[in-house]
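The values are calculated or read from the model by the stated rules, or taken from the named source; none is laboratory data. Everything numeric in this text was worked out from a predicted model, so none of it was measured. Neighbour counts are summed over all protein chains in view; Cβ atoms, including those assigned to glycine, are modelled from backbone coordinates with ideal geometry. Quick note on the areas: whole protein, heavy atoms, side chains included, nothing else; ligands and nucleic acids left out. Shrake-Rupley method; radii C 1.70, N 1.55, O 1.52, S 1.80 Å.
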Amino acid sequence: MIFHSLDFLVFVAVVVSIYWRLSHRWQNIWLLGASYVFYGWVHPWFVILMLVSTTVDYWAAQRMEDDPARKKGYLYASLGVNLGMLGVFKYYNFFIENVREVLASVGLTVSPPILELVLPAGISFYTFQALSYTVEVYWGHMKARRNAVDFALFVAFFPHLVAGPIMRATNLLVQVERPRAWNIDRARDAVLLIAWGFFKKLVVADNVGVIANRVFSHQDPSFEMLWAGVFAFGLQIYADFSAYSDIARGTARWFGFELILNFNHPYIAHSPTDFWHRWHISLSTWFRDFVYIPLGGSRVGAFQRDANLLATFLISGLWHGASWNYVLWGLYHGTLVVVTRTVGTLLRLPAKWPGPLAIVQIVLTVSAAFVGWLFFRETNPDFLRRWLVLSPAESTLMERQVGVYLFVLAATWGAPLFLDDLWALGRERGWRLVRWAESRWEAMGPASVSRALLQATAAGAMVTLILVLRSRVSLDFIYFQF
Amino acid sequence: MSSASTAARPSPDASRPAEPSGSSRARPWLLLLLLGFGILVVPLSLRLLNHAVVGDLPPIGYLPSLEIRRPHQPFRAETIDELRTGNPAWVFIGDSMMGTRIDPEHLGRLSSTGDELVSFLYHAATGPAWWYLAFKNQLVASGAKPRVTFIFFRDTNLTDTMFRLEGQYGRALDEVATASEPELDRLVAEHRKGDWHRTHRVIANTYQSDPATSWMEPAIRRWWVRWQDPAPGTAEAFEWNVDQIFSVDTLRYDVGADFAASDTTDSPDFHRDLPTSVLPLIMDLSRDHGLRVCFVRVQRRPVGNRPPEQSPELVRYVADLKAWLEQQGALFHDDTGDPEMTLDLYRDGDHVNDRRRYTEIFRKRLDPLFRPLDQARDALSVVEGR
């Protein structure tokens, strides 16, 4: 089931209205059933895969506790099943095609079978979430759980199931186990968050997505057109993915859950490292804790640390998709982080540049991130090579004008994101206007009529704009494919 | 007041809030209702905005079951005159599947006398509703009597009435639709009788969101060009140039352009879909006006050097379609599996890159339909008997 459908709205309304009439135990059972319905809405067999992952991880974690002498073996079983599922459904064809090409390059012709499989939506998300549990139990950070319903709900909780945030057992599983209280003020905030998510998806992401798709369907775009398309894609992926996270967080609040913030205004980051503290936070921290730190993290020499960073980014790139462009994208970001850190240390630059230079620092960081979106969006290596050497000198006047027009059009659709980011920047930098407005907002208190009136007007305005300006070309959430 | 009430409230994180009094217990619910009220009421401002910007709204168009009020493009009446005066020997109706395959001038040269007129009723990215309306309101209305009218389609398009009927696609219909199209609207209503569609329509009608879209969206799309050059028509002309730069000819080979042959995800079933399709309407018109129609199913993009895979349901669908059309007196031709329709003939998706070559193959395959008139009667019986 997709979020931007009437099916989903009715589904949530029905599930919520029954949910709060149940005891805690039945709430979990009800929510688990609803999550399986949500996940199996189009392809019911997806649920079987999830049940396999859930059962193996539930069993493996208990065995680790019951039979500590062989706990490494149970960890491998969990890793093997989860990564094996990912390998078959997501990476098998990629691997086979590359093996075939390598063999062909030395004159060996083989035709291994290619699997015609549908990639189960969200498999990369829930397998990583389930894996985090078994690894945490293996490390002794938490006890193995003995309640199958609670654990299954932790894996399947539908608001964030398909595209995150990737929640840790130490956070979400604890919330599953604890009785939850209905908080009407938070539910009201959640409505606003959901409306903002829908607005970002339907008005911003889908409209700029049309521009990006147009440019990346062109066999010979000019330099200006190409980079306008990259710019549009950078806005699309942020609006699209953060929209999903907002809708997920808002929906979860209606069930008394709090999901972690997944995007913290990445386009006001002041360095590549800062960008990754703000972009897809749940995945970045997952890789930090389960890949980077186990590799040695920062406790090793500078060279080894940089190698660890590059390896982590490379794997993170591959997580996004079975294609070399994602690997390149990961390497590109890894290199950015390593180079900026090294240069910063050598030149003794401050982490945040002072005064107006801060804007320059942000523009440089965000520009570098946008260049990275070219690697992410262009899956065809032949085209990618061509795009990297495109020159503005080859453009005609009309092509230049069209490039500028597309850029302005993307920026126009993206204006609500810029305003939101500008506000966040003001908050971080302590701008007087923002401080004043936010202090007034806080002073109203969560249950004041004036605050509710403002929220009602804002939510109504977003719904109005969705009705009028939603793109007529409905695009899937980008991260569904991962 | 609000601060005082906030201070009295427990922290949202407190596990057990203190028991509130009757009025303060009701208040949070009232605030939640206020939020819901805002969501329902604020969009009504669109009605005022529409009134201020466009005044009286245009009337509901020719498809009341589908459309909301919006300005319509003019009907292309000149096509009727062109058909009437040109009296073409062959008329072709279709979308880019036809547009990228048939070269009308080249076909005219390949005809029996070498100079007979071939007419195109063509609009890219259209579907059976457009083809039916073009057939009815332009060809039939012109009174022209071509020897054969060809209608090009892919797979299940002919019976998928809703294919390219909504949103931006639907606007192309304006140029071939008259003020009222009750038969087509009846079919659309059959497809749009679900609760979800009714809900969407009620929302759109209540808030008048579609009329607002029709002026607000172009204003956003064109503000920059208008700011650069406010002269009337400049923005529209610039958009036309942009469309040319992104025309079908410029699409990448690997994008799979125009692969969407159908809106339906159901498995094909000809007899299920026939009653809600335009096919019976086309056949009734062709019989009433003595027009011979040949339906041409184009071959979709081959896979390597093989024709595209076809599911057993699709094979059965096409067999049922062919049998029904022939029973109705129409001709049917299928490119699928033609040994000359190889991958090198294709450009992007199902589009073809060499119109002259396709036209020659087509001319050869349907040779009897292009023979001189005195041989045509025998020729048609040959085609019908295949």
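Viscosity 1.002 mPa s, temperature 20 °C: give me the Stokes-Einstein translational D for the stretch B:153-209 in µm²/s, with Rh taken as the Kirkwood radius over C-alpha pairs. My calculation gives 164 µm²/s for D. Distance from the alpha carbon centroid of the stretch B:283-313 to that of the stretch B:41-112 works out to 24 angstrom.
Every Cα-Cα pair of the stretch B:270-368 was included, and the share exceeding 22 Å stands at 41 percent. Remark: accessible surface ordering of A:Ile123, B:Ile80 (largest first) is B:Ile80, A:Ile123, probe radius 1.4 Å. Counting, for every residue in B:36-45, the Cβ atoms of other protein chains within 10 Å of its Cβ and taking the mean gives 6. Heavy-atom accessible area buried between chains B and A is around 4700 Å² (1.4 Å probe, both sides summed). Ligands, DNA and RNA are left out, and with a 1.4 angstrom probe the accessible area of the stretch A:313-372 is 50 Å² per residue.
Computed on the Cα trace of the stretch A:328-437, the radius of gyration divided by the Kirkwood hydrodynamic radius gives Rg/Rh = 1.04. Dipole of the stretch A:176-272 computed with +1 at Lys/Arg Cβ and -1 at Asp/Glu Cβ about the Cα centre; of A:Val203, A:His218, A:Trp182, farthest Cα towards the positive end is A:Trp182.
State the Cα centre-to-centre distance between the stretch A:68-99 and the stretch B:177-203 in whole Å. For the stretch A:68-99 versus the stretch B:177-203, the Cα centre distance is 51 Å.
Just going by the charge dipole of the stretch B:277-319, with Lys and Arg at +1 and Asp and Glu at -1 on Cβ, which of B:Pro280, B:Val303, B:Val293 is farthest out on the positive end? Highest projection toward the positive end goes to B:Val303. Based on every Cα atom in the stretch A:191-261, Rg and the maximum pairwise Cα distance Dmax equal 15.2, 51 Å. For the stretch A:1-140, the equivalent ellipsoid derived from the alpha-carbon gyration tensor has semi-axes of 35, 25, 9 Å in decreasing order. Normalised by 2.2 N^0.38 Å, where N counts its residues, the alpha-carbon radius of gyration of the stretch B:92-195 equals 1.17.
For the stretch A:227-270, state the average projected area of the convex hull of the C-alpha atoms over all orientations, rounded to one decimal in nm². Convex hull of Cα atoms, orientation-averaged projection: 3.5 nm².
Distant-in-sequence amide contacts of B:Tyr346, defined by a placed amide H-H separation under 5 Å and a gap of 5 or more residues or a different chain, comprise B:Asn353. In debye, nearest 20: dipole of the protein assembly as shown around its Cα centre with unit charges on the Cβ of K, R (+) and D, E (-)? Dipole magnitude for the protein assembly as shown comes out near 3180 debye. Here's the list of lysines a cross-link from A:Lys72 could span, going by alpha-carbon distance under 28 Å and ignoring same-chain residues fewer than 8 apart: A:Lys90, A:Lys143.
Annotation for the stretch A:354-419 versus the stretch A:179-250: alpha-carbon center distance of 17 Å. Other residues within the sphere of radius under 9 Å centred on the Cβ of A:Glu65, judged by their own Cβ, net out at +1 (K and R +1, D and E -1). Less than 5 angstrom separates the built amide H of B:Phe150 from those of B:Val91, B:Phe92, B:Ile93, B:Cys294, all sequence-distant by 5 or more or on a different chain. In terms of its Cα atoms, the stretch B:72-151 spans 41, 26, 17 Å along the principal axes, sorted from long to short. Each Lys and Arg adds +1 at its Cβ and each Asp and Glu adds -1 at its Cβ; summed about the Cα centre, the stretch A:364-451 shows a dipole of about 300 debye.
For the stretch A:223-332, the orientation-averaged shadow of the C-alpha convex hull comes to 8.9 nm² (one quarter of the hull surface).
In the protein assembly as shown, the inverse of the mean reciprocal separation of distinct Cα atoms equals 30.8 Å; this is its Kirkwood hydrodynamic radius. Shielding of peptide A:458-471 by partners, expressed as the average count of other chain Cβ atoms within 10 Å per residue Cβ, is 6. When you work out D = kT/(6 pi eta Rh) for chain A at 37 °C and 0.692 mPa s, using the Kirkwood radius from C-alpha pairs as Rh and the Stokes-Einstein form, the result is 135 µm²/s.
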